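What follows is one structure encoded as C-alpha cells, with my remarks underneath.
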C-alpha cells in the first residue's frame, strides 16, 4: 500500500522540539498526531513531515513554499500560520508588518499554487491565541486573521480545524490550568488540545 504523506507547515508552534528530535517530528501537536495515527492505523503507513520554522509569518511561508510544499507533493497539507503575523505587530512594531490585506492576499496565492500544482488535500488550522485572556489586544487583532483562514477554507473547499474556537471555548470556562508557557507557545496540554481538535476534523478523511 502506498504511504500517505502528511505535511505540516507553520511556525514555532508546529516546529517545537523538532531540531532536537532524531525523527524531526518534535514534541508539538504534530508529535501527538504522529503517534496517534501510527498506533491507530499501522496498516496505513502514514509518512509525516514537520516543516514548521520558529518565527515564521505568511511571508516566510511564501519564500519557501516551492521547496517545502510544492516539490514535496504531499497527499495532505496542514497549514498553521498567523500568530507571528499578529504578534510582531505588538512586540516588534518597527518591523515591516503583515497587515490583514497582505495576509489574505498571500494566503490566497499559496493555496492557489497548491490547488494548481499538487494533488494535496488542504487542511487549514485557525491561529490559536495570543495570551490566555480573550480580551487581550493580540486576540482582538487576531480575530480578523482567523476570519481570513475561515474564508479561505470556504473558498478553496478545504478541511478547517477550528483551533482558535477550541481555545476560546476552553478559556471561556475560566479554567485555571494554562495551555501555554508564555501566552503563545504550547505546553503539553495546549498541544493536546490542538492535536485532538485536528483529529476530530481530519481523522475520518484519512481512513
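Below, the figures for the structure above:
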| read-out | value |
| --- | --- |
| Average projection area in nm² (convex hull over Cα atoms of the stretch 1-72, one quarter of hull surface) | 5.0 |
| Listed peptides 51-63, 172-184, 26-38 by packing density, highest first (mean Cβ within 10 Å) | 26-38, 51-63, 172-184 |
| Computed label-point distance, nm, for sites residue 35 and residue 23 using a 7 Å Cα→Cβ extension | 0.8 |
| Measure of compaction for the chain (Cα Rg per 2.2 N^0.38 Å) | 0.97 |
| Residue exposure sequence - 122, 130 - by fewest surrounding Cβ within 10 Å | 122, 130 |
| For the stretch 47-97, fraction of C-alpha pairs farther apart than 13 Å, in % | 61 |
| Binned Cα-Cα distance frequencies in the stretch 105-207 - 10 Å width, integer % | 14, 42, 32, 11, 1 |
| Inter-label distance for residue 47 and residue 5, nm, one decimal - labels placed 7 Å from Cα along Cα-to-Cβ | 0.6 |
| Antiparallel bridges, percent of DSSP beta bridges restricted to the chain (to nearest 5) | 5 |
| Added length on full extension, which subtracts the Cα-Cα distance from 0.36 nm per residue, residue 173 to residue 112 | 18.1 nm |
| Residue order, fewest to most beta carbons within 10 Å, for 152, 186 | 152, 186 |
| Spacing of the two label points (7 Å from each Cα toward its C-beta) at residue 66 and residue 154, in nm | 3.4 |
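Each reported figure results from applying straightforward, stated rules to the coordinates on display, with no laboratory input. Small disclaimer: the values here were computed from a predicted structure and weren't measured. Counting neighbours? That spans all protein chains shown, and the Cβs are built from the backbone with ideal geometry, glycine included.
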